[in-house]
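Working notes for the structure below.
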């Protein structure tokens, strides 16, 4: 039977996968992939709750804004990655430590 | 529930009696089984007919180009060379599917499949007639735009995975071109959505009439320009000449499918020809009246449905001819000219058209130009807002 | 029946895609697995009756974000560039001492006990299913909500998108001397 919890389990798996990707990978593009996964998990939760609990369409509006933010984030993030690659010739996250010193 | 081909057939008595008979035979409710069977059958027919259209497209391309260049064209296999495409298909199947040693095998095999899935997925909502539409989704147009963007990704991945510089350049050009031209196409389609008041293809078409004065292309000056913007942008999205930069033979050997052979290449070619049909069909549905038949001949009966089918296919095939005509008439654009055309001309024109259509709707209460000119014209009922 | 099949297939797609993003070593393959996961999530939206959100997911992610990601991978040296280390974990030296490992192990056992015996039974409790509610014509209602209740967020998001467009163009452009 499909219940709210089945959606929540799936979104938890997506969220955990995103966190693991963000922590384990050192490639900046891969970290952006992890962020996309996390945003998707949260959006899925919104739609699932609006179907099973709240029953109005506000839960459909929120994923739209999440998708918009994800698109803007991807565009700007990848622009930064490309610029970073032009300067340092690497997209390893450990090379971006100049601000620490 | 959305209108589908199954709900169309469910109106008939024989469908209900068939369901009843099956239920009695099997001893359980046969309704879902029937729905599944009908969808399966309908999808099977649509995919095969479209494969036929794609195959005949290659034949038509050769014949028309031969005609334009005063040659004979294929004339050996079958009458007038008509089954040349079957011979080609058999050849494609017999050929060895080569995967280059340095290619990325996973992506290399995935790319043609992604292309074909994108195109065939968009056939779900293409309105062949008011009953014979696989599924008339509420978000039809939006869904079509979404699912057909898989094609761009497939081409791009194919270019990348081949690990060859020609294929790579072709793939990069294709991705840049498809993403850019999506903007004017979608914005000019939006003006039709504004006039009809809905995203589903049935809503869009029912707002038009069988005769040209009720079509959206002649609704107002803005949609008239919008049609050409849509068509040019659609041509660019299918990578057809004069926008065939991703597979420019004279610069990149054969573009993104340089390294492909056998059935995988056939998938790319088939996807391209079917996509041309889809773009032409959507242009017909949005601007040229879709499946509407003059004199109200197209009804809910089977005969009316086939008349509507004829109206849709004849208009679409005329546009198909125009696409092929373009290819053998116009020279190819340069890359920077391509981007200039999209961002500096088509996109501003499309935005201007959208705003203009909005003002027209507000100012003239949704009346079309024809209705304004001939106020007594009772036949013109376009723009049912 | 169809709803259950669609749910199973899309759940499998999204979970397998997410696992693929974690497991694969090739960043290009990771992008494709992400695409698979996103399509799965779109299918899940469909099972929840959110057709407009599903279509938006397809349009934005498949047509935009994933292609951008692949493009960025290509512009920054491709999947097997030597400069971009794929899994940083291989290089990380062992951290900590015996004490930290003992503490980590004990807390892991405690956390798994809590998850398995306290949380999971609650999660899988039977809950009332409200399948009677059907969102027919969500598109019109969403449109009305966007320009009435959520009009401020709608306008701000358009400004955000414009800012992102200009910002990305300015950042990515190489400086001309």
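A short reminder: the numbers here are calculations on the coordinates, not readings from a lab. Everything numeric here is computed off the predicted structure, so don't read it as measured data. Backbone-built Cβ (ideal geometry, glycine too); neighbour counts: all protein chains shown.
In whole Å, what is the distance between the alpha-carbon centres of the stretch C:146-177 and the stretch A:18-37? If you average the Cα positions of each part, the centres end up 24 Å apart.
If I stretch the segment between residue B:75 and residue B:364 completely, what's the gain in nm (0.36 nm per residue apart, minus their alpha carbon distance), one decimal? Don't skip to the end; give the middle numbers.
Numbers: separation 289, 0.36 × 289 = 104.04 nm, distance 5.52 nm.
Fully extending the segment from residue B:75 to residue B:364 adds 98.5 nm.
For the stretch B:89-248, the Kirkwood estimate of the hydrodynamic radius, built from every pair of different alpha carbons, is 17.6 Å. Note that the protein assembly as shown shows a convex hull volume over its alpha carbon atoms of 211 Å³ per residue. When C:173, A:83 are sorted by how many other C-beta atoms sit within 10 angstrom of their C-beta, beginning with the fewest, the order is C:173, A:83.
Among A:22, B:70, a tally of other beta-carbon atoms within 10 Å of each Cβ gives an order, fewest to most, of B:70, A:22. Peptide packing: for B:264-271, A:3-10, the average count of neighbouring Cβ atoms within 10 Å per residue gives the ranking B:264-271, A:3-10, highest mean first. Per-residue mean of other chain beta-carbon atoms within 10 angstrom of the beta-carbon, peptide A:4-15? Partner Cβ neighbours, averaged per residue: 5. Each peptide among C:34-42, A:65-73 gets the average number of other Cβ atoms lying within 10 Å of its residues, and from highest to lowest they stand as C:34-42, A:65-73.
Using a Gaussian network model on chain B with a 10 Å cutoff between Cα atoms, which of B:283, B:103, B:21 fluctuates the most? Among B:283, B:103, B:21, the largest GNM mean-square fluctuation belongs to B:21. State whether the stretch A:4-93 is rounded, prolate or oblate according to the following rule on the C-alpha gyration tensor (a ≥ b ≥ c being the square roots of its eigenvalues): a/c under 1.5 gives rounded; otherwise a/b larger than b/c gives prolate, and the remaining case gives oblate. Since a/c reaches 1.5 but b/c is at least a/b, the shape of the stretch A:4-93 is classed as oblate. A Förster radius of 56 Å combined with the Cβ-Cβ distance from residue B:91 to residue B:18 puts the calculated FRET efficiency at roughly 0.85.
Could you compute the FRET efficiency for residue C:98 and residue C:25, with r as their C-beta to C-beta distance and R0 at 41 Å, rounded to 0.05?
Once rounded, the FRET efficiency stands at 0.85.
Comparing mean-square fluctuations of B:101, B:63, B:367 from a GNM of chain B with C-alpha springs under 10 Å, the top value falls on B:101. For the stretch A:58-101, what percent of Cα pairs sit more than 14 Å apart? That fraction is 62 percent.
Any chance you could check the Cα centroid distance between the stretch B:123-173 and the stretch A:39-54 for me, in angstrom? Computed from Cα coordinates, the inter-centre distance equals 28 Å. Per-residue shielding of C:10-23, expressed as the average number of other chain Cβ atoms within 10 Å of the residue Cβ, stands at 5. Ordering B:106, B:28, B:370 by the number of other Cβ atoms within 10 Å of each residue's own Cβ, fewest first, gives B:28, B:106, B:370. Over the protein assembly as shown, DSSP H runs of length four or greater, each weighted -39,500 (n - 2.57), average out per residue to a 222 nm ellipticity of -22000 deg cm²/dmol.
Once each part is reduced to its C-alpha centroid, what is the distance from the stretch B:56-116 to the stretch B:246-296 in angstrom? Spelled out, the Cα-based centre of one part sits 13 Å from the other. Most tightly packed first, judged by the mean number of other beta-carbon atoms within 10 Å of their residues, the peptides B:49-58, A:27-36 read A:27-36, B:49-58. Peptide B:101-108 has a mean shielding of 2, counted as Cβ atoms of other protein chains within 10 Å of each residue's Cβ.
Determine the shape class of chain B: with a ≥ b ≥ c the square roots of the Cα gyration tensor eigenvalues, call it rounded for a/c under 1.5, and otherwise prolate if a/b is greater than b/c, oblate otherwise. It comes out oblate by the Cα gyration axes. Rounded, prolate or oblate: which fits the stretch B:67-109, taking a ≥ b ≥ c as square roots of the Cα gyration tensor eigenvalues, rounded meaning a/c under 1.5, else prolate when a/b beats b/c? It is prolate, given that a/c is not under 1.5 and a/b is the larger ratio. Comparing B:190, B:333, B:114 in a Gaussian network model of chain B (Cα springs below 10 Å), the most mobile by mean-square fluctuation is B:333.
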